[in-house]
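Chemist: Mind looking over this structure? Questions follow.
The values are calculated or read from the model by the stated rules, or taken from the named source; none is laboratory data. Values in this document were obtained by computation on a predicted structure and should not be read as measured data. Cβ placement follows ideal geometry from the backbone for every residue including glycine, while neighbour counts extend to all protein chains displayed. Just the protein is used for accessible areas: all its heavy atoms, side chains included, with ligands, DNA and RNA removed. Shrake-Rupley method; radii C 1.70, N 1.55, O 1.52, S 1.80 Å.
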Amino acid sequence: MNKTIASHAAFGCATALLASLVTYLAHAQAPANAPARQTELFKKTMSDVLGREVTIRRLERDPGTGSAPHRHPGSHTFGYVLEGSYEVKVGDGPLQKLGPGGTFYEPPGALHAVSRNGSSTRPVKYLVIQVSDPTQPQTVPE
């Protein structure tokens, strides 16, 4: 039981650290389903939190592009919009239209039904932070 409490406490601390990092970092014509350009900024295995991996990526999408519906089976996924307009729909939730400073969350296995640039003229840049079970697939198309 103490190990479970310690794991939850460590996960909570890691989540708070990631939120602080996102806040800090935020200050400092292609086909519709074109892949986002990704830059991995950080990746670390958290051996004291059930072996989870933390990954931070910066993604950029061209105007009018998005991804097909998909799921991240073993990942808690957090997003933070840096520039532009991003549209996201997770599970049965509403379509969100996010601008700079907007955030979203996808629990493990949730359907990421909409993930697209909300502008037909400007690119969007956003951070994705994932706490993942490395034994699960990263992304599964719907």
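Chemist: Of the accessible area of region 31-107, with the probe set at 1.4 angstrom, what percent is carbon plus sulfur?
Modeler: Ligands and nucleic acids excluded, carbon and sulfur give 52 percent.
Chemist: What order do you get for 73-80, 114-121, 134-141 when each peptide is scored by the mean count of other beta carbon atoms within 10 Å, highest first?
Modeler: Most protected by this proxy first, the peptides run 73-80, 114-121, 134-141.
Chemist: At 7 Å along the Cα-to-beta-carbon direction for both GLN138 and LYS43, put a label point, then send me their distance in nm to one decimal.
Modeler: Result: 0.6 nm between the two label points.
Chemist: At 1.4 Å probe radius, can you tell me the per residue accessible area of region 53-108 in Å²?
Modeler: 40 Å²
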